[in-house]
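The next block holds one structure in the form of structure tokens; read it before the comments.
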Amino acid sequence: MGKLRPLEGNYEVSDARLAVVVSRWNDTITDGLLRGALATLERQGIADDNIRVLRVPGAFELPLAALKAVDAGVDGVIALGCVIRGDTPHFDYVCSECTRGIGRVSLDARLPVGFGLLTCDTFEQARARAADDRDNKGEEAALTVLEMISLFRQMR
């Protein structure tokens, strides 16, 4: 790589304005994801006044709420939800459309949207990904958004 120095983000964006959009469906799990995301933002010095938590009915509603949060002037969105496979194809439709929608919001808005949607086969798998530990996917989604905000600011 020689003298080439790639830009890389960090988590030092304490002035960032963020929305955390979280599904109420499977709230036993999504509440854990939310705790992980909020604890991470607090550790990184994001003031409570810079965080808006938006509750939506289910995962399918995450993209639209994320888009409305972008319209309200945030620097990034953390989308949190949980869909657990059942006996019908409903799981596939919801997961596919939610994923597509979250990606579209990010690309159209040109802002980071953290993908904290769990798509699990069992409740136990979901619980493991929303536990109060380092494997919490809410924490991971929050850190990803902060890192991307930092990277984009360096690119200006």
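Against the conditions (1) touching a Gly at 6+ places or on another chain (Cβ under 9 Å); (2) surrounded by 13 or more Cβ atoms within 10 Å (Cβ to Cβ); (3) free of Cβ contacts under 8 Å to residues at least 24 places away in the same chain, where does Asp133 fall short? Just the number, please.
(2)
Considering only residues that are in contact with a helix residue (DSSP H, G or I) (Cβ under 8 Å, 6 or more places away or on another chain) and among the polar types (S, T, N, Q), which ones fall in the range 133-156?
Answer for the range 133-156, where residues must be in contact with a helix residue (DSSP H, G or I) (Cβ under 8 Å, 6 or more places away or on another chain) and among the polar types (S, T, N, Q): just Asn136.
Is there a residue in the range 109-117 that is at pLDDT 95 or above, more than 15 Å from Gly58 (Cβ to Cβ), of a type outside the set (Asp, Glu) and surrounded by fewer than 17 Cβ atoms within 10 Å (Cβ to Cβ)?
Taking every residue of the range 109-117 in turn, at least one turns out to be at pLDDT 95 or above, more than 15 Å from Gly58 (Cβ to Cβ), of a type outside the set (Asp, Glu) and surrounded by fewer than 17 Cβ atoms within 10 Å (Cβ to Cβ).
For the range 46-54, state whether one or more residues are hydrophobic (A, V, I, L, M, F, W, C), within 18 Å of Trp25 (Cβ to Cβ), surrounded by 16 or more Cβ atoms within 10 Å (Cβ to Cβ) and modelled with pLDDT of 95 or more.
The answer is yes; a qualifying residue exists.
With the requirement that a residue be without any contact (Cβ under 8 Å) to a residue 12 or more places away in the chain and either in contact with a Phe, Trp or Tyr (Cβ under 8 Å, 6 or more places away or on another chain) or not β-branched (Val, Ile, Thr) (or both), what does the range 70-99 give you?
Asp71, Gly86, Asp87, Pro89, His90, Asp92, Tyr93, Ser96
Got a sec? Which of Arg104, Arg134 is out of contact with any Lys or Arg (no Cβ under 6 Å at 6 or more places or on another chain) and assigned to a loop (DSSP other than H, G, I, E, B)?
Arg134
Let me confirm something: among Glu8, Glu42, Glu61, Glu12, which residue is more than 23 Å from Arg153 (Cα to Cα) and among the acidic types (Asp, Glu)?
After ruling out the rest, the residue left standing is Glu61.
The values are calculated or read from the model by the stated rules, or taken from the named source; none is laboratory data. Predicted model only: the values in this text are computed from it and were never measured. Glycine gets a Cβ as well: all are built from the backbone with ideal geometry, and neighbour counts include every protein chain shown.
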